[in-house]
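Structure first, commentary second.
The values are calculated or read from the model by the stated rules, or taken from the named source; none is laboratory data. Quick caveat, the model's predicted, so the values are computed rather than measured. Note that we place each Cβ from the backbone using ideal geometry, even for glycine, and neighbour counts take in every protein chain shown.
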Amino acid sequence: MIDNKSAADFYLLITCLNAACYAITEMEPDKMKGNDKVNFKNLRNFMLNFLKGLERRTTKEKFEELKQYNFDNVVLMTELMATMSLLPPGQVDWFLGEVNKLTFAAVNRALSEK
């Protein structure tokens, strides 16, 4: 079983790499010229290969736990960030506080349903 610190570290790593891959995809490197096209495509491929290698090196039990940290989480993060970009600067802290409350409530709800 992955402890909470390790799970958080895995989540952070996997989510950041997936977010970077998503951002590069959204930048449409196929439409870029010269070295930029090659550099962005290579960077995306290196990150995807790293993630695939990470999957191959984990045990089946750990892999099942890590499957929940997938590309869909990146889409959710992107939507949240897009929503946050609309906030007036003075409301960001309040908004994040409310998001934290909702997150803890959702986690507690999921744990109580088990």
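Here the stretch 11-60 is the region considered, the condition is being part of a helix (DSSP H, G or I), of a type in the set (A, V, I, L, M, F, W, C) and over 20 Å from residue 78 (Cβ atoms), and the residue that is modelled with the lowest pLDDT is 54. Test residue 63 against the criterion of being modelled with pLDDT of 85 or more and in a helix (DSSP H, G or I), and give yes or no. For residue 63, the condition - modelled with pLDDT of 85 or more and in a helix (DSSP H, G or I) - is not met. List every residue pair whose Cβ atoms lie under 6 Å apart, where the two residues are 6 or more positions apart in sequence or sit on different chains, the first residue falls within the stretch 85-110 and is in a helix (DSSP H, G or I), and the second residue, located anywhere, is at pLDDT below 95. Every condition considered, the pairs that remain are 95/87.
Condition check: exposed (fewer than 13 other Cβ atoms within 10 Å of the Cβ), of a type in the set (Ser, Thr, Tyr) and modelled with pLDDT of 90 or more. Does residue 112 satisfy that? When the stated conditions are applied, residue 112 passes them.
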